[in-house]
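Notes follow once the structure below has been shown.
The values are calculated or read from the model by the stated rules, or taken from the named source; none is laboratory data. As the structure is a prediction and not an experimental result, all values here were calculated from the model. Cβ sites come from the backbone with ideal geometry, for glycine too, and all protein chains shown count toward neighbours.
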Amino acid sequence: MERLREEVERQPFATADRDDRPQSALPLPVTLSIGACLLAAKDQMPDAVQALSAADRALYTAKQAGRNRVIALCFEATPGLANQSCD
């Protein structure tokens, strides 16, 4: 995921005018924040709502931490949503 984030950041994104013609302006800088829910073991499979909720929390954590980063939350063996970083 980090490689994807870095590649997006390196790419020059051109802007276009209303007629979809490229403008001569400087490239538009684009960054990417990614939130993910990771599982430590197969038997810890959350339901879809829990997995999406954990990934959503990870995304908002990435944005609050300054954007342009990847945050992954690990699902714990105990029931409930993940709340620890997977470093």
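Filtered by the rule that a residue be surrounded by 10 or more Cβ atoms within 10 Å (Cβ to Cβ) and modelled with pLDDT of 90 or more, region 6-19 gives 6, 7, 8, 9.
Examine region 59-75 for a residue that is at pLDDT 70 or above and farther than 24 Å from residue 6 by Cα, and state whether such a residue exists. Don't jump to the end; show me each part of the working.
Step one: of region 59-75, the residues at pLDDT 70 or above are 59-75.
Now restrict to residues that are farther than 24 Å from residue 6 by Cα: 75.
Yes, because at least one residue in region 59-75 is at pLDDT 70 or above and farther than 24 Å from residue 6 by Cα.
Taken as a whole, the structure leaves residue 22 outside the set of residues that are surrounded by 11 or more Cβ atoms within 10 Å (Cβ to Cβ), at pLDDT below 85 and either aliphatic (A, V, I, L, M) or in contact with a strand residue (DSSP E or B) (Cβ under 9 Å, 6 or more places away or on another chain) (or both).
Does residue 46 satisfy the criteria of being surrounded by 15 or more Cβ atoms within 10 Å (Cβ to Cβ) and at pLDDT below 75? Against the criterion (surrounded by 15 or more Cβ atoms within 10 Å (Cβ to Cβ) and at pLDDT below 75), residue 46 qualifies.
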